[in-house]
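Reviewing the structure listed below.
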Amino acid sequence: MNSVNTIVMIGGFVILFSVIISILNNSGLLDIICKIFYPIFNMLNIDTRFINPIISGLIELTNGLNILANINTKSFSILITFASFILGFGGISVALQVLSITSKTDISISAYIIGKLLQGTIAAILTYAIVHIFPIFNLDLVPMFSSNVNKLPAFSAYINPYNMFILLLIITTTTFIILNRKKYKLNKG
């Protein structure tokens, strides 16, 4: 019964925040909030179409990601970076879900929210760095007959010893952590 109650509660939060986003969209309040961030995005030379999904993602994760995924853009690296931030943070909806489950404990929700903001920021920074360290992961579209096509490096430029070493290090570290996960859990308890 506790599991069913938890699932219903989580679904209720998702629906509630989806309705809030819909109300903000239909009333025009979300557009007003977005206009506040226009100068910042213009200064950073980032497409202002990303503001709405970021704000929606800060409110509710799935709606924000859905809006973000529906943006028709050639800048996939920025799209993926913002998606990483939204996934790392999780949204206010997720924070309130955690609060409702942990309300009877001494866990600080403010520390949790700060940690999630930090997690989202680190995820975005790492995603941006990986996309630019390993250009093979950079999926930005360049028109076929653009004057920039000749400026694109050949595929062989992506496969160099430094990139291969970093990729091998990431794969090795991830494999080690996955294989030793149970070992570390047993030693902690």
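Just a few scattered comments:
- Using Cβ point charges alone (K and R +1, D and E -1), the dipole size of segment 28-107 about the Cα centre works out to roughly 120 debye.
- Portion, in percent, of the accessible area of segment 1-121 that falls on carbon or sulfur, probe 1.4 Å: 69 percent
- Residues of segment 1-119: accessible area per residue with a 1.4 Å probe, Å²: 59 Å²
- FRET efficiency, 1/(1 + (r/R0)^6) with R0 22 Å, evaluated for A69 and S22 via beta carbons: 0.80
- Segment 22-87 and segment 101-125 have their alpha-carbon centroids 21 Å apart.
- Cα convex hull volume per residue for segment 41-123 (Å³): 81 Å³
The values are calculated or read from the model by the stated rules, or taken from the named source; none is laboratory data. Please read these numbers as outputs of a predicted model, since none were measured by experiment. No Cβ is skipped: glycine too gets one built from the backbone with ideal geometry, and neighbour counts run over all protein chains shown. Ligands, DNA and RNA are excluded from the accessible area calculation, which covers all protein heavy atoms including side chains. Shrake-Rupley method; radii C 1.70, N 1.55, O 1.52, S 1.80 Å.
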